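See structure below.
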Amino acid sequence: MVEPGPDGRFGDFGGRFVPEALVPACLELEEAFRTAWADPAFRGELDALLRDYAGRPSPLTEAVNLSERLGVRVLLKRDELNHTGSHKINNVLGQALLSRRMGKRRLVAETGAGQHGVATATAAALFSFDCVIYMGAVDVERQALNVFRMNLLGAEVRPVATGSRTLKDAVNEAMRDWVSSVETTHFCLGSVMGPHPYPWMVRELQRVIGREAAEQCRRMLDGGLPDVVVACVGGGSNAAGIFAGFVDAPVRLVGVQPEGGAAIGRGVPGVVHGSASMLLQDEHGQVLEASSISAGLDYPGVGPEHAHLGAEGRAEYPSVTDAEVLEAFALLARTEGIIPALEPAHALAWVVREAGRSIPKGATVVVNLCGRGDKDVAQVATLLAEHAPPS
Ligand SMILES: *Cc1c(COP(=O)(O)O)cnc(C)c1O
């Protein structure tokens, strides 16, 4: 796997572009994580939490009906079965343990759709931490149920009314809080983005997905390896986690972006939220809004390691349309009895499109099913009604 240099760079991307006041906090965090990650006691405690609290390992399920339909062998990495319904809990449990080790008993986090906020509020409840979640005012309106969940879990949700009042503004506010409270507070960032050490640390905490999947493939497949590994990419943490299990092997890696948020492909190099990466911006360098039916992928940037893997040609980052996503969402429900979140439905949509084309017939494809669709069914019902032909 690609290791960032001492300055947190993945090739031309990454780094630590933060206000002076945050440099010591980033260095402290890096040192704390490096030490903890090398400590068998820390690793043992995290493994036990992942097993007994989050429900790991998640199965690798052969999608027999879908495979027959597409003419390629589809294996689903079932991270939607984790406690709280997505891969976010893997990262959050690790950061909560680390926070306790650093003597910080208050977590702040950003959230867009609310999944990372719910996961963070969950860990905070488990560890008896104070918890403040920053969420764009627009998202607070759109995701009322997740706001209620976070409140039930004992977290305070602070609506952010600046800028476009969505995820990128929530990240800014969470960082601002962290600057002013760093003695007592850990910033529990939800994806492989932000200043060093976050992109590296979050990937290491999500690596468990790839480690399990690689081991499951060794047991299930002749030859031990799939041909293709596919995941959706917002910031890129679920993709980075599963890619980590396969990047050193001859396996095609594909990170699928929403068409309205394809930072790799439509974006340009720039700096946002503390690191250099590819991002959507206008000719004046203003960060543009991403747009996607899945709030979890509605982010104008992408993690720096993905920008690097894309630039090197080691991974591909195609995009799919909202219509393709809705079709794949319904297809998995009907063929396999599994309702995916709209985010991993992007990964599935790419497989549906490419089966028999760039994915040869008979090839084996692992799809990271990183979240369940319960949160999305009401939205999909509305979207399908809008798209239904007039009767
Ligand atoms: C948050 C979320 C994402 C996007 O985040 P990544 O860091 O790109 O993984 C994707 N899928 C689900 C289910 C999510 O909750």
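A few comments on the model shown:
- Residues that are more than 16 Å from the ligand (Cβ to nearest atom), among the hydroxyl-bearing types (Ser, Thr, Tyr), outside any helix (DSSP H, G or I) and at pLDDT below 95 do not occur anywhere in region 311-324.
- Checked against (1) open to solvent by less than 20 Å² (accessible area, probe 1.4 Å); (2) within 16 Å of the ligand (Cβ to nearest atom), VAL74 passes all but a single condition, namely (2).
- For beta carbons closer than 8 Å, sequence separation of 6+ or different chains, a first residue in region 321-338 that is over 16 Å from VAL64 (Cα atoms) and in contact (Cβ under 8 Å) with a residue 40 or more places away in the chain and a second that is of a type in the set (Asp, Glu) and open to solvent by 20 Å² or more (accessible area, probe 1.4 Å), the qualifying pairs are THR321/GLU259; ASP322/GLU259.
- Being assigned by TED's automatic domain parsing to the domain that holds GLY373, touching an Asp or Glu at 6+ places or on another chain (Cβ under 8 Å), crowded, with 18+ Cβ neighbours inside 10 Å and not in a strand (DSSP E or B) is a property that holds for LEU66.
- The condition (being open to solvent by less than 30 Å² (accessible area, probe 1.4 Å) and in the same structural domain as GLY234 (by TED's automatic domain parsing)) is satisfied by just one residue among GLU343, GLU336: GLU343.
- Region 273-308, residues that are in contact with a Leu (Cβ under 7 Å, 6 or more places away or on another chain) and outside any loop (DSSP other than H, G, I, E, B): GLN281, VAL287, GLY301
- Test: TYR317 is of a type outside the set (A, V, I, L, M) and either free of Cβ contacts under 8 Å to residues at least 12 places away in the same chain or within 22 Å of GLY85 (Cα to Cα) (or both): no
- Residues being outside any strand (DSSP E or B) and either of a type in the set (Phe, Trp, Tyr) or open to solvent by 20 Å² or more (accessible area, probe 1.4 Å) (or both) - total across region 117-131: 5
- Search result, residues across region 171-200 that are within 13 Å of the ligand (Cβ to nearest atom), in a helix (DSSP H, G or I) and either open to solvent by 20 Å² or more (accessible area, probe 1.4 Å) or not β-branched (Val, Ile, Thr) (or both): TYR198, PRO199
- Among (1) surrounded by fewer than 24 Cβ atoms within 10 Å (Cβ to Cβ); (2) within 30 Å of GLY11 (Cβ to Cβ); (3) more than 17 Å from the chain's Cα centre (by Cα), the one test that TRP350 misses: (1)
- Near pairs, Cβ below 9 angstrom, 6+ apart or cross-chain, from region 84-95 (without any contact (Cβ under 8 Å) to a residue 60 or more places away in the chain) to any residue that is within 7 Å of the ligand (Cβ to nearest atom): THR84/GLN115
- Residue check, ARG34 surrounded by fewer than 16 Cβ atoms within 10 Å (Cβ to Cβ), touching a Pro at 6+ places or on another chain (Cβ under 9 Å) and farther than 24 Å from CYS217 by Cα: yes
- Residues in region 285-298 that are within 11 Å of the ligand (Cβ to nearest atom), modelled with pLDDT of 85 or more and either among the hydroxyl-bearing types (Ser, Thr, Tyr) or open to solvent by 20 Å² or more (accessible area, probe 1.4 Å) (or both): SER292, SER294.
Residues checked against (1) more than 15 Å from the ligand (Cβ to nearest atom); (2) open to solvent by less than 10 Å² (accessible area, probe 1.4 Å):
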{"residue": "ARG207", "(1), (2)": "no, no"}
{"residue": "LEU221", "(1), (2)": "yes, no"}
{"residue": "ALA231", "(1), (2)": "no, yes"}
{"residue": "VAL247", "(1), (2)": "yes, no"}
{"residue": "VAL268", "(1), (2)": "yes, no"}
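Residue-wise test of (1) away from the ligand (no atom under 13 Å from the Cβ); (2) over 14 Å from LYS77 (Cα atoms); (3) free of Cβ contacts under 8 Å to residues at least 24 places away in the same chain; (4) not hydrophobic (A, V, I, L, M, F, W, C).
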site: ALA355; (1), (2), (3), (4): yes, yes, no, no
site: GLY362; (1), (2), (3), (4): yes, yes, no, yes
site: VAL365; (1), (2), (3), (4): yes, no, no, no
site: GLY373; (1), (2), (3), (4): no, yes, no, yes
site: ALA378; (1), (2), (3), (4): yes, yes, yes, no
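- Residue list for region 50-63, restricted to those being open to solvent by less than 50 Å² (accessible area, probe 1.4 Å) and assigned to a strand (DSSP E or B): LEU60, THR61
- A single member of GLY44, GLY8 is open to solvent by less than 20 Å² (accessible area, probe 1.4 Å) and either at pLDDT 95 or above or over 14 Å from VAL179 (Cα atoms) (or both), and it is GLY8.
The values are calculated or read from the model by the stated rules, or taken from the named source; none is laboratory data. Fair warning: this is a prediction, and the values are worked out from it, not measured in the lab. Here Cβ is always computed from backbone atoms with ideal geometry, including for glycine, and neighbour counts include all displayed protein chains. Protein only, heavy atoms only, side chains kept; ligands, DNA and RNA dropped before computing areas. Shrake-Rupley method; radii C 1.70, N 1.55, O 1.52, S 1.80 Å.
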